[in-house]
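The values are calculated or read from the model by the stated rules, or taken from the named source; none is laboratory data. None of these values were measured; they are calculated from a predicted model. Please note: Cβ atoms are built from the backbone with ideal geometry, for glycine as well, and neighbour counts cover all protein chains shown. The protein model used for the area step is the full one, side chains on, heavy atoms only, and it has no ligands, DNA or RNA in it. Shrake-Rupley method; radii C 1.70, N 1.55, O 1.52, S 1.80 Å.
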Amino acid sequence: MLTSIAVFAPLVGAVLAGIFRPFLGKQLSIAASILFMGISAAAGVLDFAQALQSGSGLAPLHLAVWISVGDFAPDWTLRQDMLSLVMVAMVSLVSALIHIYSVGYMAHDKTEPRFFAYLSLFTFAMLMLVTANNLLQLFFGWEGVGLVSYLLIGYWYERPSANAAAIKAFIVNRVGDVGFAIGIALTYLVFKTISFDEIFAAVSAHAHDHYRLFGTPLPALEVIGILLFIGAMGKSAQLFLHTWLADAMEGPTPVSALIHAATMVAAGVFMIVRMSPLLNAAPVALEVVTVIGASTAFFAGTVGCVQNDIKRIIAYSTCSQLGYMFIAAGVGAYPVAMFHLINHAFFKALLFLAAGSVIHAMSDEQDIRLMGGLFRKIPFTWLMMLVGALALAGIPPFSGYYSKDAILAAAYASHSAVGMYGWACGVVTAGLTAFYISRLFLLTFHGKSHAPADVQAHVHESPLVMLAPLAVLALGALGTGFMLDRLFVGTGSANFWGVSISAGNVMGSLDSIPAAVAMAPLAAGFGGILVAAVFYIFMPSLPAIFATRFAGVYQFLLNKWYFDELYDAVLVKPTMRLAKFAWHVGDEQMIDGVPNGLATLTSDASSQVVKLQTGSIALYAFIMLIGLLGFLSIFLLVR
C-alpha cells in the first residue's frame, strides 16, 4: 500500500499543479505539488524502513490488467522487492528536497506551477520505471522520463539554446531507445514473455539459443544484452550517446539536479542491474558494458578538467560516475553499482543545488573564471559545496570513497582483461575527478574575485528554503557510505538484496585485493587535489602556460573530443541535405509538381480557349467550317 502511495502521489501533485492551476491559483498549485511529493517521500522511506526491519521485500502489488491481446496480457503491477524499494525511497526523497529547493530558486519565474507540474510528473515516471514488474511497464516509465526531460530541459522555451538542447536530448535518447525496444521485442521472441520473474526463471533453458542476424547465428542472450545496454547508453549518457548530457544544463538548476542525480540518468544503471540474471548468461555483453563504462569514465574525466561552466563541470562528473557504475555492473558487482548509484544521488544533487546557490548569489553567472572569493560572502554554500566535492573526489569518510573504491576493487578482483582496463581507467579518472572538482571549488570560492563590481555588490547567501535541502543532502553525502556499506556490499548483502539482484562471484573477493591496489584510487584522489591547489592557489600562472604549450590537447579536450563536430559532419549535415533534397525534389517537384503542373496546364489551355469566345457570328461560322472540313478529311483518309 505504501509503495502505491509513493508512486502515485507525485502524479496527483502534477495534475493539481498542471491542470487545476486556474482553479487553485499559483501558490496553492505549488503547495499541492510539494505536499504530495512530501507524502511520496514519507511513504517511500517508511516502506523501505519496514522492509529493512522485516529483512525482505514485499510481494508484487497487482493493480490491473494493462493489455490483453490473445495470450499477451501484461499486468499493471508494482514490484516491491528490495531493489525497487531502495530506488523508490531514494528517488522520492531526493525529488522532494529538490521540490522544496525550487520554491526559492524559481521564485521569480512567471510560470512556477508549470515547472512544479513537470517536476512531479518526471518523478512519477521514474517511480513507475523502478517499480515495473515487466519490460513493457518499464518501457512506459522509460519513455515517460524521456518525454518529461524534454519539457524540463526546454522549460525556458523562449531561449533558442534551451530548445536546441531539449531536442538534442530527445533525439539522442530515441537512438538508444530503438535498441532498447528491439531488445524487448527479441526478449519476447525468445522467452514468450516480458515478465521479469518468468524471464529470469527461463534463462538457463535458453542459454544456448541463437538468433540469426543477416544470416549469421548469434547467441540470443548476448544480442538481447547488448541491445538492452544500448538503451542504457542513451539514458545514462555513455560514450557515443553522451552528447546530450552537458547541453541539458540549459534547463533550470533543479532540473539538472533531478535528471543527473536521482532520476533519468540512473535509469540505465537500474535497468542493467534489474536484468542481472539474464546478463550473467551473456558474458560478452557484460564485457561491452565494462569497456564502455570505463571509457566513458575516462573520457568525461578529461573533458571536465577544462570546462568553465560550473554546471557543465558537474554534468561531466555525472557522465564519469555513471561510467564507474557500469564498470561494477560489467564485472558482475551489481550491488556495488547500486551502492554507488545511491551515494551518487545524494552528493550529486548536493553539488548541483550548491551550484544553483552560487548562480543565485552571482546574479545568474555560471562561468567559474568570473567568480572567486565567495567563501566569505556565502559561507554555508561554501561548506555544502565542500562536502559534495569531497564525496565526489572519494575522500573518506564521505560516501563516494566507499562505493568508488568498492567498484575498483571489484574490477581488479575480476581478474579479467576488461576488468583490469576498468580498474586502470577508474584509477586515472579518480585523479582527474579530484582535480576538476577541486578546480571548480578553488576558482569559485577562493582567490581573488573576478566578477564585475555590480555583481560583487549583490552577492548574498540563498534563502533558507534553498539552504535547508542542501543540509539534508549533505548528511546523505557524508553518511550513506559508511551507513550502507555493510548492508549493500558487505557480508550480509546477499541476504539484503535477496533475489532482486543476481550478483557475480566477484562480490566475495572485494576484500582480498593487494593493499597497494586498494590504496591507489585514494592516492590518485589526493594527487588530483594537490595538483589543483598548485595550479590555482600557489602557481596560478601554470594553467595558461600548459594551455599554450599543449594547445592541441587543450582544444581537443575543450571541444569534448570533437564528438559533436563529428556527428554534425557524419550524421546531421548529410541528413539535412537528404531532407532538403526530398523536400525540393520529392515534395515540391514530384508530389506537388505533377498535380500543380496539370492544374497550370489546364488553366493556361482554358485561358487560350476563352479567347475564341469573341461574340462574332462570322468567326464562329468560320470555325465550324474548318471543323467540318477537318472531319471530312479524316473520313476520307480512314476510308
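Using a probe of 1.4 Å on the protein chains alone, the accessible area found for R369 is around 130 Å². Label reach from L475 (point 7 Å along Cα→C-beta): in the range 73-90, amide nitrogens under 17 Å belong to 89-90. Our estimate of slack between Q613 and I545, defined as 0.36 nm per intervening residue step minus the Cα-Cα distance, is 15.6 nm. Per-residue ellipticity at 222 nm from helix content only, as computed over the chain with -39500 (n - 2.57) for each DSSP H run of at least four residues, stands at -23000 deg cm²/dmol. Please give the residues of the range 350-394, grouped as numeric ranges, whose backbone N is less than 11 Å from a label point set 7 Å along the Cα-to-Cβ vector of S161. Zone members listed by number: 365-367. Here the spin labels are modelled as points 7 Å beyond Cα on the Cα-Cβ line, and at K580 and I19 they lie 4.5 nm apart.
Remark: the chain carries 42 Å² of accessible area per residue (probe radius 1.4 Å; ligands, DNA and RNA excluded). Given R0 = 51 Å, the distance between the Cβ atoms of L35 and S603 translates into a calculated FRET efficiency of 0.15. When only the Cβ of Lys, Arg, Asp and Glu is charged (+1, +1, -1, -1), the dipole of the chain relative to its Cα centre reaches about 760 debye.
Computed from the Cβ-Cβ distance with R0 of 30 Å, the FRET efficiency linking H460 to Y567 stands at 0.10. For the pair F631 and I591, a Förster radius of 35 Å applied to the C-beta separation gives a FRET efficiency near 0.30, rounded to the nearest 0.05. In the chain, the portion of solvent-accessible area held by carbon and sulfur atoms comes to 71 percent [1.4 Å probe, whole percent, DNA, RNA and ligands not counted].
When each of the peptides 120-131, 141-152 is scored by how many other beta carbons lie within 10 Å of its residues on average, the order from highest to lowest is 120-131, 141-152.
For H210, the residues 5 or more places off, or on other chains, whose built amide H falls under 5 Å of its own are A220.
Angle of helix 135-153 to the longest C-alpha principal axis of the chain, folded into 0 to 90 degrees and rounded to 10: 80°.
In terms of accessible area, using a 1.4 Å probe and ignoring ligands and nucleic acids, V12, V499 rank largest first as V499, V12.
Compared with the alpha-carbon gap, the fully stretched path from L189 to L370 is longer by 59.5 nm at 0.36 nm per residue.
Which pairs break 31 Å Cα to Cα here: K348/K377; K348/K448; K192/K348; K235/K573? From the list (K348/K377; K348/K448; K192/K348; K235/K573), the Cα-Cα distance tops 31 Å for K192/K348. Computed about its Cα centre, the charge dipole of the range 35-128 is approximately 220 debye, with only Lys, Arg, Asp and Glu carrying charge at their Cβ.
Spin-label model, L383/A417: points 7 Å from Cα along the beta carbon direction are separated by 5.2 nm.
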